[in-house]
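Have a look at the structure below before the remarks.
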Amino acid sequence: MFKDSLFKYFAIFCTSIGLIVLALLLFDIFSKGLTRIDWDFITNLPSRRPERAGILTALFGMMWIVTLTILIACPIGIAAAVYLEEYSSKNRFAKFIEINISNLAGVPSIIYGILGLEVFVRLLKLGNSVLAGSLTLSLLVLPVIIVATREAIKSVPNSLREASIGLGATPWQTIQRIVLPACFGSILTGIILAISRAVGETAPLIVVGALVYVPFVPQTPMDQFTVLPIQIFNWTSRPQHGFVVNAAAGIIILLLFVFLLNSIAIILRNRHNKRVKY
Amino acid sequence: MYKLEARDIQLYYGQKHALKGISMAIKPNTVTAFIGPSGCGKSTFLRCFNRMNDLIDTCRIEGEILIDGRDIYKDRINVVDHRKKIGMVFQKPNPFPKSIFENVAYGLRINGITHKKFLEETVERSLRQAALWDEVKDDLKKSALALSGGQQQRLCIARTLAVEPSVILMDEPCSALDPISTAKVEELIHELKNKYTIVMVTHNMQQAARVSDRTAFFYLGELIEYDDTPTIFTNPAKEATQNYVTGRFG
Ligand SMILES: Nc1ncnc2c1ncn2[C@@H]1O[C@H](COP(=O)(O)OP(=O)(O)O)[C@@H](O)[C@H]1O
Ligand SMILES: [Mg+2]
């Protein structure tokens, strides 16, 4: 009995530490950066003078990167998951691939950066471009998307597949018309969570060469780019106080972005759970 | 001429010998009931007729299954086309998470039929045949998942009828239903007999006696006895059958 309540208080204590640290961090950032955020801050190009610097290029770089990453990673990830769940026979080879994908999801992101640098930037000669960055981030989120999509596909009861096959549907028709629509919400949730992770990634993009002063908004996938986390990282390493304030303001924007993505994911999941009960 | 014929079917799930040399012939426009204790292979045998066991990786089958005299495992038949001629109704109602209309229209849509009038007519005719039309005609757009269990099962029957099969396989179609829904489905089976050949698995002896013309008793993967239903229930040749139908085991 005593041990029980002791453990309870210990757990509460641990939880509070996490929450307090988080609250302090947020307080620090908001008190420094909130007043700096205005329309100019969002629409200004980078500048040597902190009060005139803005995040426009970083914001657009991020949009470019996110859009391209989604376009590259989603079709491949979903196709891979569909193959593994619905087509491949459950033999040793499939097991091998399965274990490897799970392991890939746990590889430190900087390793992907090094791979991207070697393969996309140097070997394929894409340079420090949006495309090289997106391809690298695609590698990073691919395992996460595959695992999430497989889980979603697994949750579709077999009875629905049998009903469809029994009516003379081909396996592909069954996947396309029954399985994927039935688990679309969960797949989308997984994708959004994967992307929201990618949005905050700095290391792999630094390695592929995004850490450059980019005075212009990227116009094509082959342009150089920077993204918010890198802009923030850049500002924090400057000595002037004005840049520290800018960094705090940039962090707030980034937090809002990630928060928004996660909220969408949660709303989608809840709506999906309510709608589909078998 | 028989509608369905099985010749010495041996079926294995990996090492497990699930069906041990089953032969059976079924005449058109009859209702055949499969009875027997759980795990004796009734569902497995039923699923041989539309090659549903193909979906199971470990499953291996020997012997011949003939439908209208054609061997569906050997002749170069198209499995997908073949399944269109053999409808199946499952133990648990399994409507798609779509509207009532789309559920019934599914079998047509996968064949590329988009003609609106034709779809509507077929959906209505199928729902009428399945004795469900009057209950749902005003909310065809509603989700099929909102229907009661008995309605869902009749919807699944309607969905099967829409593709106009000649054989309907039913695996314990009433086991998840209340008595009133069960009575409706049984009545339905009786009417469908005029157009279709029906094979059904049932755990309910009275149901087998009420709706079927012929009854097959399975035990441990073997076909013990197969005869006219009245004979099976009143004067079976084998003692095991006698014991089972009188409820002494199983
Ligand atoms: N997918 C499967 N894999 C392995 N064994 C199976 C599978 N399906 C059924 N079996 C086995 O085959 C036997 C017959 O099962 P089944 O045909 O479902 O019996 P019934 O329908 O008469 O209750 C059972 O012993 C069951 O354990
Ligand atoms: Mg069964």
Practice task
State, as an integer percentage, the relative contact order of region A:169-278 based on alpha-carbon contacts under 8 Å between residues 6 or more apart.
Solution key: 35
Handout entry: Calculated on alpha-carbon atoms, Rg and Dmax of region A:55-180 in Å
Key = 17.8, 56
Handout entry: In range of the label at residue B:191: residues from region B:161-184 whose backbone nitrogen is under 13 Å from the point 7 Å along Cα→Cβ
Key = B:184
Practice task
Would you calculate, for chain B, the mean residue ellipticity at 222 nm contributed by helices, counting each DSSP H stretch of 4 or more residues as -39,500 (n - 2.57) and dividing by all residues, to the nearest 500?
Solution key: -10000 deg cm²/dmol
Exercise for the section: Evaluate the relative contact order of region A:34-275 (contact order divided by residue number), counting alpha-carbon pairs under 8 angstrom at least 6 apart; express in whole percent. Expected result: 28
Practice task
Let me know the mean shielding of B:82-89 by other chains, meaning the per-residue number of their Cβ atoms within 10 Å of its Cβ.
Solution key: 3
Problem - Projected-area average for the protein assembly as shown over all orientations - Cα convex hull basis, square nanometres - result: 35.1
Exercise for the section: Anything losing 40 Å² or more of accessible area from the isolated chain to the full protein assembly: pick those residues out of region A:164-185, probe 1.4 Å, ligands and DNA/RNA ignored. Expected result: A:165, A:166, A:167, A:168, A:177, A:178
Handout entry: Size of charge dipole - region A:5-137 - debye, nearest 20, with Cβ of Lys, Arg +1 and Asp, Glu -1, no other charges
Key = 260
Practice task
Please report, largest first and rounded to whole Å, the three semi-axes of the ellipsoid equivalent to region B:101-193, where each semi-axis is the square root of five times an eigenvalue of the C-alpha gyration tensor.
Solution key: 22, 15, 11
Practice task
Compute the label zone of residue B:109 within region A:75-90: residues whose backbone N is under 12 Å from the point 7 Å along Cα-to-Cβ.
Solution key: none
Exercise for the section: Mind jotting down the distance between the C-alpha centroids of region B:7-62 and region A:54-77, whole Å? Expected result: 54
Handout entry: FRET E, pair residue A:63, residue B:248, Förster distance 56 Å, beta-carbon r, rounded to 0.05
Key = 0.15
Practice task
Return one number: the angle in degrees, 0 to 90 and rounded to the nearest 10, between the long axis of the Cα atoms of helix B:179-192 and the longest principal axis of the Cα atoms of chain B.
Solution key: 90
Fill in the blank from the handout: Total charge of the residues flanking residue B:151 in space, meaning their Cβ is under 12 Å from its Cβ, with Lys and Arg +1 and Asp and Glu -1, is -1
Handout entry: Per-pair calculated FRET efficiency, R0 = 41 Å: residue A:155 and residue A:222 via Cβ, rounded to 0.05
Key = 0.55
Practice task
Between beta-carbons, use under 10 Å as the cut-off and find the net charge around residue B:26, counting Lys and Arg +1, Asp and Glu -1.
Solution key: +1
Problem - Accessible area buried, both sides summed, chains A and B with 1.4 Å probe, Å² - result: 1900
Exercise for the section: Filter the cross-link list A:90/B:92; B:42/B:193; A:95/A:125 down to pairs whose alpha-carbon distance in this structure exceeds 29 Å. Expected result: A:95/A:125
Practice task
Would you mind computing the Rg to Rh ratio of chain B from its alpha-carbon coordinates, Kirkwood style for Rh?
Solution key: 0.97
Problem - Apportionment of accessible area to carbon and sulfur, chain A, percent (1.4 Å) - result: 71
Practice task
Mind grabbing the base-10 log of I(q)/I(0) for region B:1-117 at q = 0.11, 0.12, 0.16 Å⁻¹? Debye formula, identical points on the C-alpha positions, no solvent, two decimal places.
Solution key: -0.45, -0.53, -0.90
Fill in the blank from the handout: In degrees, nearest 10, the alpha-carbon axis of helix A:241-275 is tilted away from the dominant principal axis of the alpha carbons of chain A by 20
Practice task
Determine the distance separating the Cα centre of region A:166-230 from the Cα centre of region B:176-250; give it in Å without decimals.
Solution key: 56
Completion exercise
As a percent rounded to 5, the proportion of antiparallel DSSP bridges among beta bridges in the protein assembly as shown is 60
Practice task
For region B:4-245, give the share of DSSP beta bridges that are antiparallel, in percent and rounded to the nearest 5; count only bridges with both residues there.
Solution key: 60
Handout entry: Per residue, the convex hull volume that the Cα atoms of region A:21-129 enclose (Å³)
Key = 194
Practice task
Give the angle, between 0 and 90 degrees and rounded to the nearest 10, that separates the Cα long axis of helix A:130-154 from the longest principal axis of the Cα atoms of chain A.
Solution key: 40
Exercise for the section: Could you pull out the pairs from B:20/B:195; B:137/B:184; B:27/B:116 whose alpha carbons sit more than 25 Å apart here? Expected result: B:20/B:195; B:27/B:116
Completion exercise
residue A:260 and residue B:68 label points (each 7 Å along its Cα→Cβ direction) are spaced in nm at 6.0
Fill in the blank from the handout: One finds, for residue B:124 and residue A:28 with R0 = 56 angstrom and r their Cβ-Cβ distance, a FRET efficiency to the nearest 0.05 of 0.25
Fill in the blank from the handout: Given the candidates B:192, B:232, B:211, the one whose Cα lies deepest towards the positive end of the charge dipole of region B:186-233, counting +1 at each Lys or Arg C-beta and -1 at each Asp or Glu C-beta, is B:192
Practice task
Of the options A:167, A:262, A:43, report the single residue whose Cα projects farthest towards the positive end of the charge dipole of the protein assembly as shown (beta-carbon charges: Lys, Arg +1; Asp, Glu -1).
Solution key: A:43
Problem - Relative contact order computed over chain B (Cα-Cα under 8 Å; 6+ residues apart), in percent - result: 27
Fill in the blank from the handout: Largest-first ranking of B:125, A:161 by accessible area, probe 1.4 Å, whole protein assembly kept, is B:125, A:161
Problem - Accessible area (Å², 1.4 Å probe, nearest 10) - residue B:57 - result: 100
Practice task
Rounded to the nearest 500, what is the 222 nm mean residue ellipticity of chain A from helices alone, with -39500 (n - 2.57) per DSSP H run of 4+ residues and division by all residues?
Solution key: -22500 deg cm²/dmol
Problem - Carbon plus sulfur fraction of accessible area for chain B, probe 1.4 Å, in percent - result: 48
Practice task
For region A:79-138 and region A:25-44, compute the distance between their C-alpha centroids and round to whole Å.
Solution key: 36
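The values are calculated or read from the model by the stated rules, or taken from the named source; none is laboratory data. These numbers come from a predicted model, not from an experiment. FYI the Cβ positions are ideal-geometry reconstructions off the backbone, even for glycines, and counts take in every protein chain you see. The area values use the complete protein model at the heavy-atom level, side chains included, leaving out ligands, DNA and RNA. Shrake-Rupley method; radii C 1.70, N 1.55, O 1.52, S 1.80 Å.
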